[in-house]
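A.B. asks: Let me give you the structure first, and then I'll get to my questions.
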Amino acid sequence: MRYEVTANKTGTYTNTVTVTGDGDLSVSAKAETIVRQPVLAIVKDAPKTRFAGRDITYTITVTNKGDGVARNCVVMDSVPAGCTFVSASGGAEPVAGKLSWNLGDLAPEASRKVTFTVKAQAMGNIENLATVSAICAKNSAKAVTAVEGIPAILLECVDEADPIEIGAQETYTITVTNQGTAADTNIVIECTLPAEQEFVSASGPAKETVEGQSVTFAPLKSLDPKAKATYKVVVKALKAGDVRFTVSLKSDQLKTPVGETESTNIYSDK
């Protein structure tokens, strides 16, 4: 005779069977069974914020909190949407965007750790779920990273005809490039002419205002990532000298103005 039961919790179970017969015959036998259970805990760590284009490294820690061996432990994860795979511990490689690590058997109170790194390409909240499973045990944990953009402004100023003689005109070309991952807003360009020059004209994506030796362009509402804005300032040489044409840029996102200086040699042809 055979029958099966299922244990609802861990512990030591004793089962007694008794056989009786006529004439007050009786005999008993006992069987003791110890029930253990693996209990998998999983923790997933990731940075709270990252800028677009930077790496995000996930650290997944699995611990057997039970009193039984967790057999055939496997950790599963995936490359989040908006990210590209960089590397993983243990030589794990994504298959159809999925990553897996075979941890083998995990004894009670034992821990194992795996990591993988992705590059964030898109802005927004990146949510990622890791799972661990073994015979009679499983669990999951998630991590959320906010991916943000940041403008990165490159300011360049070049004179077109250095050196120049007194009475000639010089054109300064000012280029603003957003090398970052977010738009820069309300960009203001201000130029300061040396005393040896006088203003002639200006052009660009915004209207200029001239006050003495200062030329200020109205705010450029927005400059998208990887976009450029070009300004030109034309001046006339009045006196000889090794002069400096100065450009300053400020915007909503820049805490400190960006500066650039271009030297021009003015000479007398007499």
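A.B. asks: Touching a Gly at 6+ places or on another chain (Cβ under 7 Å) and under 30 Å from Ile187 (Cα atoms): is that true of Ala52 in this structure?
C.D. replies: Criteria met by Ala52.
A.B. asks: Also, I was wondering about something else. If you check Ala141, Ala96, Ala137, Ala122, which single one turns out to be closer than 30 Å to Gly53 by Cβ, surrounded by 16 or more Cβ atoms within 10 Å (Cβ to Cβ) and either out of contact with any Lys or Arg (no Cβ under 7 Å at 6 or more places or on another chain) or in contact (Cβ under 8 Å) with a residue 12 or more places away in the chain (or both)?
C.D. replies: Ala141
A.B. asks: While we're on this one: Exactly one of these conditions fails for Pro151: (1) at pLDDT 95 or above; (2) of a type outside the set (A, V, I, L, M, F, W, C); (3) part of a loop (DSSP other than H, G, I, E, B). Give me its number.
C.D. replies: It fails just one condition, (1).
A.B. asks: Find all pairs meeting these conditions: Cβ atoms under 7 angstrom apart; at least six residues apart or on different chains; first residue within the range 239-250 and touching a residue at least 12 places away in the same chain (Cβ under 8 Å); second residue outside any strand (DSSP E or B) and surrounded by fewer than 16 Cβ atoms within 10 Å (Cβ to Cβ).
C.D. replies: Sorted first by the residue in the range 239-250, then by its partner, the pairs are Ala240/Ser268; Ser248/Pro257; Leu249/Pro257; Lys250/Pro257.
A.B. asks: Related question: Search the range 163-193 for residues being small (Gly, Ala, Ser) and under 28 Å from Asp252 (Cα atoms), and hand back the single one that is surrounded by the most Cβ atoms within 10 Å (Cβ to Cβ).
C.D. replies: Of everything passing the filter in the range 163-193, Gly180 is surrounded by the most Cβ atoms within 10 Å (Cβ to Cβ).
A.B. asks: Another one. Checking the conditions here, which among Glu196, Glu211 is in the same structural domain as Ile164 (by TED's automatic domain parsing), exposed (fewer than 14 other Cβ atoms within 10 Å of the Cβ), of a type in the set (D, E, K, R) and more than 38 Å from the chain's Cα centre (by Cα)?
C.D. replies: The conditions single out Glu211.
A.B. asks: Taking the criterion of being over 15 Å from Val43 (Cβ atoms), in the same structural domain as Ala46 (by TED's automatic domain parsing), in contact with a Gly (Cβ under 7 Å, 6 or more places away or on another chain) and of a type in the set (A, V, I, L, M), would at least one residue in the range 87-101 satisfy it?
C.D. replies: Taking every residue of the range 87-101 in turn, none turns out to be over 15 Å from Val43 (Cβ atoms), in the same structural domain as Ala46 (by TED's automatic domain parsing), in contact with a Gly (Cβ under 7 Å, 6 or more places away or on another chain) and of a type in the set (A, V, I, L, M).
A.B. asks: Out of (1) of a type outside the set (Val, Ile, Thr); (2) within 30 Å of Met76 (Cα to Cα); (3) modelled with pLDDT of 95 or more, what's the single condition that is false for Gln121?
C.D. replies: Going through the list (1) of a type outside the set (Val, Ile, Thr); (2) within 30 Å of Met76 (Cα to Cα); (3) modelled with pLDDT of 95 or more, Gln121 breaks only (3).
A.B. asks: Among the residues of the range 43-82 satisfying the criterion of being farther than 21 Å from Lys138 by Cβ and polar (S, T, N, Q), which is modelled with the lowest pLDDT?
C.D. replies: Thr49
A.B. asks: Which condition from (1) assigned to a strand (DSSP E or B); (2) hydrophobic (A, V, I, L, M, F, W, C); (3) closer than 30 Å to Gly149 by Cα is the one that Ala122 breaks?
C.D. replies: Here Ala122 clears every test but (1).
The values are calculated or read from the model by the stated rules, or taken from the named source; none is laboratory data. Please read all numbers here as calculations on a predicted model, not as lab measurements. Because the Cβ atoms are built from the backbone with ideal geometry, glycine has one as well, and the counts that use them run over all protein chains shown.
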